[in-house]
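Colleague: Got a structure for you, written out below as structure tokens; questions coming shortly.
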Amino acid sequence: MPSVFTHEFNTPVYKGKISFDTGLFINGQFVDGSDGTTIDVVNPTDGKVITSVSEGTPKDVDLAVDAAEKAFETTWGLNCPGNKRGLLLNKLAALMEEHTDELAALEALDNGKTFNIARHGDVSAAIDCIRYFAGWADKISGRVMETSEEKFTYTRHEPIGVVGQIIPWNFPLVMFAWKIGPALATGNTVVLKPSEITPLTAIRMCHLAQEAGFPPGVLNVVTGYGSTVGSAISSHMRIHKVAFTGSTLVGRKIMEAAAKSNLKNVTLELGGKSPNIIFDDADLEQAVHWAMLGVFFNQGQCCIAGSRIFVQEGIYDEFLKRFTEKSRSIKVGDPFTPDTFQGPQVSKIQYERVMGYIESGKKEGAKVHIGGERHGSDGYYIQPTIFLDTNPDMRIVKEEIFGPVSVVIKFKDEEDVVRQANDTVYGLAAAVFTKDVKRAIATAHKLKAGTVWVNCYGLANPNTPFGGYKQSGIGREMGEYALANYTEVKAVNVNLGLKMM
Amino acid sequence: MDQTARITIPATGQIVEIPTGLFINNEFVSSVDSQERIQVVNPATEDIICSVVAGSEKDIDAAVAAARAAFSTTWGKNVTGFERSRLLNKLADLIERDSQVLAEIESLNNGKPVRIARDFDIGDSIQCLRYYAGWADKIVGQTIEVNNKTKIAFTRHEPIGVCGQIIPWNYPINMWAWKVAPALACGCTIVMKPSELTPLTALVLSKLIAEAGFPPGVVNTIPSLGPVGGAALSRHMDVDKVAFTGSTTTGRKIMEAAAKSNLKKACHTREVSLELGGKSPHIIFESADLDQAANWACLGILYNTGQDCTAGSRLYVQDTIYDKFLHLLVEKAKQLVIGDGFDEKSGGGPVVSKAQYDKVWSYIESGKSQGAELVLGGKKRPGKGYFVDPTIFTNVTRDMRIVQDEIFGPVLSVGRFKTEQEAIALANDTSYGLGAGLHSADASQCMRVSSALEAGTVWVNQYNILGNNVPFGGKKQSGIGRELGSYALEEYTEVKAVHWNFGEQAEWPL
């Protein structure tokens, strides 16, 4: 019997009780893992165990694939018309809306992000995403090429079948929605592995999906570790597509496993070291505000974090002064306190990783301008940190830190900064701040990044594609572009009258 | 004056409240300058159900002004696609909630069976609204490479603006949904003129528009006589587009008025026949599954008591299977029960009005007098109600009125042919081109014939079944433009090209 997670929230921002099964969700039921083992879920504010969830194994992945295949062949796939799939997704979105506060509280408890941000940001964005893709479900059209009396040639955009999806811990609910939205809308069935660090909202979503009426086997969630469950998914012979969001390091492993198993189609959303470029003529106050959000939002745990802030010489001093003041004013603390902006890092391992980068920065000779130390003595809190006087070879300039650590770099001119900005193996995002629209557009076009923001940072919408250049990833999520990730094109050539001689 | 009628549904004894005023800015109001009322008649009993305000030209002005104000402030480019999507989905949910009572009102006013109104007309309408709710946040333009060093060019697909929409009486709710859904999804505002024969459900749906939360002025409803309200909309200088479903005759007038006023975009699909009309051919080849084809042929002419723009009213049967097929057809046609809409047994109701009833009978009489052979029907029923039973003529010739004109009733003309070429020629011998059907087991023939038929919709081995995501419209004199599917979005958006220079210096003088 899977355990039941019961928790009473009694906080200044949320009061409520939750209670739900925390088993694997396979074929419409909550079940134990085949080995009967569990994974502890830890509260990052104090390191204590919140609850434990069932641990999946490769055998459970097999069971999930069995269920997903059966559903695809009977109650889902093209056996379920698009408008019905859309209706179910809209029902799920309505249930998410009904349970907004609960989902936000779970997310904040599990991940450490603040309740207010989870509620107004994460949950809201996840609902919008599901609704957006619900609207696509009955609009998956092919094309017609030839309609002569000899030949009828057309394409079908068919669902792939059973798709594997592996999501990270930084935006657990949003990432869940970004993955299942397009996959289910196009008629695929899903075997999804949430991060073992943050499984709770994924499991709660399974309860909502059950309530919404998705047939058993359409959505399956197997909690477990990357090296077991994740690996089983990426090398599974009956999963024909895997979509992964996470580190570049793991992304490589997944691509390798895909190649070695059945050449399954792979889309990857990986890391970044995104440049935020602030020209002399930027609206300085706005630039400071966006820069702060760009690097410190979500405890710095964003793939798109604007972690390299390039500031033109003319405004460098003024920018630094204001940016420092703003960063110093960040309230770091408990996620369930009303005015907290920054919570703890998600786990001990992540905390140690980020602190390790800070140490390396100090060792390699960069100057700590503010921060650089642990915040408080309990939990995984880190002070918002600004490094100056860096050089391009330093690890803190080259590698993705994934914490509240920014690097501010002075630059001379456009050509210089574009070269520096593009000098990275990554290419996820970038930003340009300037009042000169000519410069903004020209620079935006030169940056090798999948998303470029002009005079803002981090804004995303379900209708706008998202993804990376270079080692930041393969493929695009969101918008109409996402549909291509989950459909297979079949060309049908019907001979109506050609005879062989 | 109280703008509500309290109506008792005869079959259930339930009392429903129906707004009877003009719907402007989310409120029901009296006419600005007129005391005229429209009497709304129950075609099954010939009794008056109630009366509603008859809008005048000044009322149309007021409605257009409200729609324009909303377009400039709370709708149009001022509302996001996400919000439009949310509201359309909300509207669909409300219609679903009220589908039983809406079906009963529709049946009372139009005559169609309650169960068909609920499960088909309203069921399809709900899906139509949800379908376009899904498009609302997906209206995208293109970016176009001109010169990467100097400029970007892109298109915006902007809402056209204030749309006049004029709908017919044969599928009041469904035609309302087909018009309202894509227009709102694209960000347009609406002045809707429902048919003066069937205004009730449009008024009840207006209540739901307000309940769903659409801002005032986004949808306005003005029941009115065609020559008054319809004409006023088509020549109005502040209406950007008129969308019309109805007779070709009226369609011409609307297009003319549009041209003479502000060159507004006029798009119409023909529906009702008053004099000339559509006459969709239905061809049965010898390899067809005869039993199935006979079912589809019956559906094609008898569904909605033949009051369908795509009614398969000219049936052409290949010589070799003629006798067998005709026998099947007549037997199946006899099985349809035409009766009161509130009787569960009814598969069809009365025709909608006295005028239509007289018109259909005059065609039946002309068929007899011009020498066609009557193999089914042709006898008037005694008693009240505009009931016309299934009527089938054979031995028809090209010049007969029943073969040339649209009857818009359950009256079928059956002809015969020898060769495929002959069938195609017979089928295309009309100035209309809305629908067509063919039945054959030969795929090559299906492709050849569907290619040759001059119609906007061709059914192969079925008839009459539409989909919200499949476009619909006519060739030749059956119409301009397409409704349904992604194609409808083009009817309600205007493309603006933006050339944004960021690097090209103008050389002057030349």
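Coordinate-derived values only; no laboratory data. Just so it is clear, the model here is predicted, and its values are computed rather than measured. Note that each Cβ is placed from the backbone with ideal geometry, even for glycine, and that neighbours are counted across all protein chains shown.
Colleague: What is the list of residues in segment B:309-344 whose amide nitrogen lies under 15 Å from a point 7 angstrom out from the Cα of B:Thr419, following Cα to Cβ?
Modeller: So the set is B:319.
Colleague: Which order do the peptides B:338-351, A:161-174 take when ranked by the mean count of other beta-carbon atoms within 10 Å per residue, highest first?
Modeller: Per-residue Cβ counts within 10 Å, averaged per peptide and sorted highest first, yield A:161-174, B:338-351.
Colleague: Express as a percent, rounded to the nearest 5, the fraction of DSSP beta bridges in the protein assembly as shown (both residues included) that run antiparallel. All intermediate terms of the calculation are to be shown ahead of the outcome.
Modeller: On the way: 69 of 144 bridges.
Looking only at bridges with both residues in the protein assembly as shown, the antiparallel portion is about 50 percent.
Colleague: Moving on to the next point. Taking square-rooted eigenvalues a ≥ b ≥ c of the alpha carbon gyration tensor, is segment A:33-89 rounded, prolate or oblate, where a/c under 1.5 means rounded and, failing that, a/b exceeding b/c means prolate?
Modeller: Numbers: a/c = 5.90, a/b = 1.87, b/c = 3.16.
Oblate shape, in that a/c is at least 1.5 and b/c is the bigger or equal ratio.
Colleague: Could you pull out every one of the lysines with an alpha carbon less than 19 Å from that of A:Lys331, ignoring same-chain neighbours closer than 8 positions?
Modeller: A:Lys331 reaches A:Lys113, A:Lys321.
Colleague: Could you give the size of the charge dipole of chain A about its Cα centre, using +1 on the Cβ of each K and R and -1 on the Cβ of each D and E, expressed in debye and rounded to the nearest 20?
Modeller: On the way: 51 positive and 57 negative charges, 180 e Å.
For this selection, approximately 860 debye.
Colleague: What does the average come to when, for each residue of peptide A:127-136, you count the partner chain Cβ atoms lying within 10 Å of its Cβ?
Modeller: Details: counts 0, 4, 0, 0, 7, 6, 1, 5, 14, 3.
Neighbouring Cβ atoms belonging to other protein chains average 4 per residue here.
Colleague: Still on this structure: I want the antiparallel fraction of DSSP beta bridges within chain A, as a percent rounded to 5.
Modeller: Values: 36 of 73 bridges.
Roughly 50 percent of the beta bridges in chain A run antiparallel, per DSSP.
Colleague: Treat each spin label as a single point 7 Å out from the Cα along the C-beta direction, and report the A:Ser141 to A:Ser261 distance in nm.
Modeller: For A:Ser141 paired with A:Ser261, the spin-label model returns 3.6 nm.
Colleague: Taking the 0 to 90 degree range and rounding to the nearest ten, how far is the long axis of helix B:443-452 tilted relative to the main principal axis of chain B, both from C-alpha atoms?
Modeller: Helix B:443-452 sits roughly 60 degrees off the main axis of chain B.
Colleague: Sort A:Thr74, B:Thr20 so that the residue with the fewest other Cβ atoms within 10 Å of its own Cβ comes first and the one with the most comes last. All intermediate terms of the calculation are to be shown ahead of the outcome.
Modeller: On the way: A:Thr74 12, B:Thr20 23.
The fewest-first ordering by Cβ neighbours comes to A:Thr74, B:Thr20.
Colleague: Here's another thing I want to ask about it. For the charge dipole of chain A, defined by +1 on Lys and Arg C-beta atoms and -1 on Asp and Glu C-beta atoms about the Cα centroid, which residue among A:Ala460, A:Val144, A:Pro168 has the Cα displaced farthest towards the positive pole?
Modeller: A:Val144
Colleague: Taking neighbour Cβ counts within 10 Å as the exposure measure, how do A:Thr245, B:Thr419 sort from fewest upward? Please report the intermediate quantities before stating the final value.
Modeller: On the way: A:Thr245 23, B:Thr419 10.
Going from least to most buried by this count: B:Thr419, A:Thr245.
Colleague: Among rounded, prolate and oblate, which fits chain B when a ≥ b ≥ c are the square roots of the eigenvalues of its C-alpha gyration tensor, a/c under 1.5 means rounded, and a/b larger than b/c means prolate? Could the numbers behind the result be given before it?
Modeller: Working: a/c = 2.02, a/b = 1.29, b/c = 1.56.
Here chain B falls in the oblate category.
Colleague: So for chain B, taking the charge dipole from beta-carbon charges (+1 Lys/Arg, -1 Asp/Glu), which of B:Ala63, B:Ile152, B:Val449 sits furthest toward the positive end?
Modeller: Positive-end residue among those listed: B:Ile152.
Colleague: Give me A:His7, B:His282, A:His445, A:His240 sorted ascending by neighbouring Cβ count inside 10 Å, so fewest comes first. The partial results should precede the final answer.
Modeller: Numbers: A:His7 15, B:His282 28, A:His445 12, A:His240 18.
Ordered by Cβ neighbours within 10 Å, fewest first: A:His445, A:His7, A:His240, B:His282.
Colleague: Too long at a 31 Å Cα-Cα cut-off: which of B:Lys207/B:Lys475; A:Lys91/A:Lys348; B:Lys345/B:Lys380; A:Lys179/A:Lys412?
Modeller: Working: B:Lys207/B:Lys475 36 Å; A:Lys91/A:Lys348 37 Å; B:Lys345/B:Lys380 21 Å; A:Lys179/A:Lys412 41 Å.
Flagged as over cut-off: B:Lys207/B:Lys475; A:Lys91/A:Lys348; A:Lys179/A:Lys412.
Colleague: If you take every DSSP beta bridge fully contained in chain B, what fraction is antiparallel? Give it as a percent rounded to 5. Walk me through the numbers before you get to the answer.
Modeller: Values: 33 of 71 bridges.
Around 45 percent antiparallel, to the nearest 5.
Colleague: Give the residue from A:Ile197, A:Ala429, B:Thr143 lying farthest towards the positive end of the charge dipole for the protein assembly as shown; charges sit on Cβ (+1 for Lys and Arg, -1 for Asp and Glu) and the dipole is referred to the Cα centre.
Modeller: It is B:Thr143.
Colleague: Continuing with this model, one more query. I need the calculated FRET efficiency for the pair A:Gln210 and B:Glu17, taking r as the beta carbon distance and R₀ as 35 Å, to the nearest 0.05.
Modeller: Numbers: r = 40 Å, r/R0 = 1.13.
Efficiency, from the Cβ-Cβ distance: 0.30.
Colleague: I need the shape label for chain A. Rule: rounded when a/c is under 1.5, else prolate if a/b > b/c, else oblate, with a, b, c from the alpha carbon gyration tensor. It would help to have the intermediate numbers written out before the result.
Modeller: Working: a/c = 1.99, a/b = 1.31, b/c = 1.52.
Oblate, since a/c reaches 1.5 and b/c is not below a/b.
Colleague: Using only alpha carbon pairs under 8 Å that are at least six residues apart, calculate the relative contact order of segment B:281-460 and give it in whole percent. Write out the running numbers ahead of the final one.
Modeller: On the way: 325 pairs, mean separation 51.3, N = 180.
Here the relative contact order equals 28 percent.
Colleague: I've got another one for you. Using a 10 Å cut-off on Cβ to Cβ distances, tally the other chain neighbours for every residue of B:443-453 and report the average as a whole number. Intermediate values should be presented prior to the final figure.
Modeller: Values: counts 6, 7, 3, 3, 9, 5, 1, 2, 3, 1, 0.
Counting Cβ atoms of other protein chains within 10 Å of each residue's Cβ and averaging gives 4.
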